[in-house]
Amino acid sequence: MTYDVVVVGGGPAGSLTSMFLKRAGKHVLLIDKATFPRDKICGDAQGRKLAASLKDLGIYEDYTKLPNVAIWGIRMSSPNGTQIDMDLIDRQTGTPGYVTRRQDLDNYLFQTAKEKFHVETKEGVAITDILFDDNGAITELQCQNVETKETFSLAAKLYVGADGANSIFAQKLDLSVPPEHFIVGLRAYYKNVEGLSDKIEIHLLKNLVPGYFWIFPLPNKEANVGLGMIIKDKKEKGINLVQELKDSVAKDPLFVERFKEAELDGEIKAWSLPLSSHHRKNYGPNYVLVGDAASLIDPLSGEGVGTSSISARHASKVLVEALDKNEITEGFLKNYDKNLWDEIGKEVKADYRIQRLGAKFPFLLNRLMEKASKNPEFRKKFEQLLPYAEGKDKIGKWSFIAQLFK
Ligand SMILES: Cc1cc2nc3c(=O)[nH]c(=O)nc-3n(C[C@H](O)[C@H](O)[C@H](O)COP(=O)(O)OP(=O)(O)OC[C@H]3O[C@@H](n4cnc5c(N)ncnc54)[C@H](O)[C@@H]3O)c2cc1C
């Protein structure tokens with residue numbers, strides 16, 4: 001057994017975990033079935049949570065130089081079409097969000113792990129099975145080279161499942177996510193979109209709430225355009241999401257002019273989003289799960305890269321302690337779950353409540369946007385609630401929502 005830790009999955013969760021582990025002097029192997037750069041279906045928006053992890057690792061500056069658009073605010077519309085523009089981040093003192101294609105972001109993180117942090121990596125290697133002993137500890141990973149089909153096995157002191165929404169770790173551990181905590185999302189790239197700005201756009205279209213339609217600006221008048229909806233709601237409402245996306249850009253009065261000359265670039269693709277409103281077990285005797293494999297996507301915003309980075313930080317810290325103290329036990333690794341949820345739990349709970357409120361009472365969303373468009377004081381409070389806002393954690397969300405009834 002030569003490795004301290006084998007990390008499976010080289011997306012943001014896995015690449016960041018491996019960098020934190022390597023920085024602490026651990027012998028780590030990072031494996032992915034893909035060869036980088038590879039695409040990942042996503043809205044491509046990143047906020048202050050990822051920024052904090054990248055600053056911690058000293059790799060923030062180079063990240064901001066990737067092809068991107070810096071984001072300072074949000075344009076939002078309600079189901080009845082009331083639209084408002086909000087500045088969320090102080091342009092003098094704040095850290096902007098960015099829209100960076102995941103193909104570029106993930107390649108940057110993977111190559112940085114490999115070249116700057118000297119993490120040992122294997123690309124084009126899929127984990128095809130995980131073997132466990134009678135106590136539920138992993139004994140080996142069975143691997144296959146995707147190209148040559150050559151098979152081999154790997155063992156380590158500790159394992160990290162960072163293998164995304166369809167995680168083989170979660171499957172083997174029987175950790176399913178109920179359909180009310182799963183979103184299906186579509187992503188399309190469009191060229192030549194009019195009216196893009198330095199704001200991300202979230203449109204709460206009538207058929208989708210509490211899901212939404214988004215337009216996230218990329219350089220050169222390109223945009224990441226997509227929508228997401230909770231799988232249970234989608235089934236109940238019988239919505240065809242591809243048609244909904246095509247109809248929205250072609251017919252919705254808010255977008256029709258802006259997409260008149262626009263061109264779909266590539267295919268419309270779908271992927272799933274396991275939400276943190278379902279607190280999935282994320283540790284065992286000698287392993288932890290991070291990122292989507294641990295079901296950590298925010299139930300309101302759909303932001304998962306930021307929480308992936310938070311889980312990477314907490315997981316690596318506990319794994320390093322476990323190795324240093326020779327405490328490789330389920331009881332010790334449970335500290336990861338505790339530390340992670342101490343940090344994200346309050347926000348997840350509040351965001352889930354707001355998501356449910358929007359689903360039950362969609363008229364409230366119209367009221368919210370109308371009131372925010374007319375009342376600057378109310379709008380300030382509303383701005384603090386939004387994904388990527390600087391003061392998001394500081395506000396009592398429920399007392400604010402109650403003002404809608406006044
Ligand atoms: C439509 C959509 C829109 C989204 N929009 C946003 C957004 O705008 N902002 C945001 O923050 N989040 C967004 N998310 C969520 C975000 O994409 C995820 O939370 C994020 O990718 C999680 O990162 P990860 O590293 O856990 O998983 P991933 O990025 O999925 O990486 C997992 C890696 O594991 C590898 N892998 C999988 N199985 C195996 C195996 N058996 N063996 C070896 N390797 C394996 C894969 O090749 C992959 O590289 C969106 C998601 C979707 C679906």
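The values are calculated or read from the model by the stated rules, or taken from the named source; none is laboratory data. Because the structure is a prediction, the values reported are computed rather than measured. Every residue, glycine as well, gets a Cβ built from its backbone with ideal geometry; the counts of neighbours run over all protein chains shown. Each accessible area value is taken on the protein alone, full model and side chains, heavy atoms only, with ligands, DNA and RNA left out. Shrake-Rupley method; radii C 1.70, N 1.55, O 1.52, S 1.80 Å.
Measuring against 30 Å, Cα to Cα, the residue pairs Lys349/Lys380; Lys199/Lys338; Lys26/Lys172 contain Lys199/Lys338 as the ones spanning a longer distance.
I want the local charge near Gly228. Using Cβ-Cβ distances under 10 Å, sum +1 for each Lys or Arg and -1 for each Asp or Glu among the other residues. Summing Lys and Arg as +1 and Asp and Glu as -1 gives +2.
Around Asp39, under 14 Å between beta carbons, what's the net of Lys plus Arg minus Asp minus Glu among the other residues? So the surrounding residues net to +1.
Given segment 104-254, what whole percent of its Cα pairs are spread farther than 23 Å? Walk me through the intermediate numbers first.
Values: 6652 of 11325 pairs.
More than 23 Å apart: 59 percent of the Cα pairs in segment 104-254.
Here the alpha carbons of the chain define both size measures, Rg and Dmax, at 21.2, 66 Å. In a simple Cβ point-charge model (Lys, Arg +1; Asp, Glu -1; nothing else charged), segment 98-193 has a dipole of about 560 debye relative to its Cα centre. Ordered by 1.4 Å accessible area with all protein chains kept, Ile127, Ile215 run largest first as Ile127, Ile215. The residues of the chain expose on average 42 square angstrom of accessible surface per residue, using a 1.4 Å probe on protein heavy atoms. In the chain, taking the dipole from charged Cβ atoms about the Cα centre, the farthest positive-side position among Val7, Met369, Ser176 is held by Met369.
What is the sum of charges, Lys and Arg at +1 and Asp and Glu at -1, for the other residues whose Cβ falls under 15 Å from the Cβ of Cys143?
Numbers: positive: Lys33, Lys122, Lys149, Lys172; negative: Asp32, Glu120, Glu123, Asp129, Glu140, Glu147, Glu150, Asp163.
Taking every other residue near Cys143 into account, the sum is -4.
Computed 3J(HN,Hα) for segment 263-270, one whole-Hz value per residue from the Karplus formula 6.51 cos²θ - 1.76 cosθ + 1.60 where θ = phi - 60°, is 10, 5, 10, x, 8, 7, 10, 10, glycine and proline marked x.
Computed about its Cα centre, the charge dipole of the chain is approximately 1300 debye, with only Lys, Arg, Asp and Glu carrying charge at their Cβ.
Across segment 157-174, computed HN-Hα scalar couplings (Karplus, 6.51 cos²θ - 1.76 cosθ + 1.60, θ = phi - 60°) run 6, 9, 10, 10, x, 10, 9, x, 4, 9, 3, 5, 4, 4, 5, 5, 8, 6 Hz from first to last residue, x flagging Gly and Pro.
A dipole drawn for segment 1-120 from +1 and -1 charges on Cβ atoms has a positive end, and of Tyr63, Ile84, Ser53 the residue lying farthest that way is Ser53.
For segment 210-287, build the convex hull from the C-alpha positions and give me its volume per residue in Å³.
Values: hull volume 11.9 nm³, N = 78.
That works out to 152 Å³ per residue.
Close amide H pairs (under 5 Å, H built 1.01 Å from N) link Arg38 with Asn107, residues at least 5 positions away or on another chain. For segment 109-160, the Kirkwood radius over C-alpha pairs fed into Stokes-Einstein at 20 °C and 1.002 mPa s yields D = 170 µm² per second.
Here's how it looks for Arg75: its modeled amide H is under 5 Å from those of Met86, Ile200, Glu201, Ile202, which are all 5 or more places away or on a different chain. Highest mean packing first, where packing is the average number of other Cβ atoms within 10 Å per residue, the peptides 103-114, 252-263, 77-88 line up as 103-114, 77-88, 252-263. Taking the Kirkwood radius as Rh and the Cα radius of gyration as Rg, segment 55-146 has a ratio of Rg/Rh equal to 1.19. For the chain, modelled as a GNM whose springs connect Cα atoms under 10 angstrom apart, the maximal fluctuation among His203, His181, His118 occurs at His118.
Leaving out ligands, DNA and RNA, and with a 1.4 Å probe, what % of the accessible surface on the chain is carbon or sulfur? Don't skip to the end; give the middle numbers.
On the way: 8420 of 17070 Å².
C and S fraction of accessible area: 49 percent.
To the nearest 500 deg cm²/dmol, what mean residue ellipticity at 222 nm is calculated for the chain from DSSP H runs of n ≥ 4 alone, each contributing -39,500 (n - 2.57), summed and divided by the residues?
Details: 12 runs with 143 residues, N = 406.
Computed ellipticity for the chain at 222 nm equals -11000 deg cm²/dmol.
Counting every alpha-carbon pair across segment 190-331, the share separated by more than 18 Å comes to 65%. Show the residues, 5+ positions off or on another chain, whose built amide H is closer than 5 Å to the amide H of Leu196. Those lying under 5 Å, H to H, from Leu196: there are none.
About its Cα centre, the dipole of segment 29-95 is roughly 140 debye, where the only charges are +1 on Lys and Arg Cβ and -1 on Asp and Glu Cβ.
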